[in-house]
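The values are calculated or read from the model by the stated rules, or taken from the named source; none is laboratory data. The shown structure was predicted, so the numbers you read here are calculated from the model rather than taken from an experiment. Cβ sites come from the backbone with ideal geometry, for glycine too, and all protein chains shown count toward neighbours.
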């Protein structure tokens, strides 16, 4: 199956069967990315995260992909946003119950809302400043290897390492845990 062709069919005709074929074909890769996002906490399981992304995709009106890399990046962004929303939801529930949050609870998904906001803001700033570094950061966060990223964005592995180093430093400077 040609995933790019099925993506085009889904985009042009809103053919849900094409999207189902893409998800079926890409499921293993999406599971890997979900595991990468979830490696440090247990907010949801990988299946739930992939399903949440699928539901969001089915509701999207205007999607434009030139290749599978763009599709995977969109899905990674959808999954990350789902987790951010889940952290916010659980954080507000936790704050209602008690005012302090331990480090272990934060690793389980109870990140302080201001930390989540700092990360979201820093990622948006990085995207505006260097879209390719943003892509590398999202891919690394979701568990992709440097080789996979280099292949996907069509640059050398060395360049991918440089972009990650830049993105990592950029984000570390801007995300402050208060």
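Summary of computed values
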item	result
Scan of the range 46-66 for residues that are at pLDDT 80 or above, surrounded by fewer than 14 Cβ atoms within 10 Å (Cβ to Cβ) and closer than 19 Å to residue 139 by Cα, ordered by number	47
Residue count for the range 5-26, restricted to those that are exposed (fewer than 14 other Cβ atoms within 10 Å of the Cβ) and either within 25 Å of residue 145 (Cα to Cα) or within 19 Å of the chain's Cα centre (by Cα) (or both)	1
Pair list, Cβ under 8 Å, 6 or more apart: the range 166-178 residue within 9 Å of residue 122 (Cα to Cα), other residue modelled with pLDDT under 80 and buried (at least 16 other Cβ atoms within 10 Å of the Cβ)	171/119; 174/118; 175/115; 175/118; 175/119
Selected residue [more than 12 Å from the chain's Cα centre (by Cα), at pLDDT below 85 and on the phi < 0 side of the Ramachandran plot] from 125, 139, 104	104
Qualifying residue in the range 27-39 (condition: at pLDDT below 80 and exposed (fewer than 13 other Cβ atoms within 10 Å of the Cβ))	yes
